[in-house]
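So the structure is just underneath, and the comments pick up after that.
The values are calculated or read from the model by the stated rules, or taken from the named source; none is laboratory data. Note that the structure is predicted; figures quoted are calculated from it, not measured. Virtual Cβ from ideal backbone geometry, glycine too; neighbours counted across all protein chains shown. Note: areas computed on protein heavy atoms with side chains; ligands, DNA, RNA excluded. Shrake-Rupley method; radii C 1.70, N 1.55, O 1.52, S 1.80 Å.
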Amino acid sequence: MARASVDTNSQSSESAAEPDVDAGAEQTRRSMLLGALATTACLGCSTQACAGEDPPGSDERPQKGDLLVFSEGDQEGKLITAADLKVGGPPVHAWPKDPTSAVVRSASRLNEILIIKLDPADLDEKTRARAVDGIIAYSAICSHAGCPVTAWVKSDVGDKEVFKCMCHNSEFDPRAGAQVVFGPAPRRLAALPLALADGSLSVAGNFMGKVGGTQPG
Ligand code: FES
């Protein structure tokens, strides 16, 4: 950088070389100093911006007592109640929300949840024991390579509708603990215990099972 400054000055001025070299070197030092200050200031700004975008607790996993809000669509951010769920699906996509701070825990995609209401008679014994009025919840993150599970479609291997990850077509049966019924996913979706009181849904405990994928997409 010092050499470039000297060359530029020598071309643009016919005055004595030595003062120009000093002036060029000084200019370079000042430029470097200002650049360093600007970089530091930018880093500070982006840290503050991040802190502003992601309030404390927004990337924590769902906590007992958290409420549930829509994570997408026209009702994004609105509280989900039992009345919002239709028996037989489709599932609703949700984020947990801290009821005290009102922070929606949406800073980690691993926190997205699928909530579905099914006929309790269709659930296997373990799933029925965990369900509240037929309502059950699972992680929305595929256990294969971590894509979001977005579809509710008829299974490739049966006549029932299942959760489907469109990345590599893994299918999960919510009636049976979201076990894998088709595709490369190595394990079921993590389940999230729910509580229901006066029509309001809340989280009743931590995820059961590992959340997220096991290999890169
Ligand atoms: S990431 Fe879901 S099937 Fe591969």
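General observations
- Sub-6 Å Cβ pairs linking a first residue in segment 152-167 that is in a strand (DSSP E or B) to a second residue that is surrounded by 16 or more Cβ atoms within 10 Å (Cβ to Cβ) and of a type in the set (Lys, Arg), at least 6 apart or interchain, are Val153/Lys164, ordered by first then second residue.
- Qualifying residues in segment 161-171 (those that are within 12 Å of the ligand (Cβ to nearest atom) and crowded, with 16+ Cβ neighbours inside 10 Å) - the one farthest from Leu123 (Cα to Cα): Cys167
- One residue stands out among those in segment 172-217 that are near the ligand (Cβ under 9 Å from one of its atoms) and open to solvent by less than 60 Å² (accessible area, probe 1.4 Å): the one that is modelled with the lowest pLDDT, which is Gly213.
- Segment 136-160: number of residues that are more than 15 Å from the ligand (Cβ to nearest atom) and crowded, with 21+ Cβ neighbours inside 10 Å: 2
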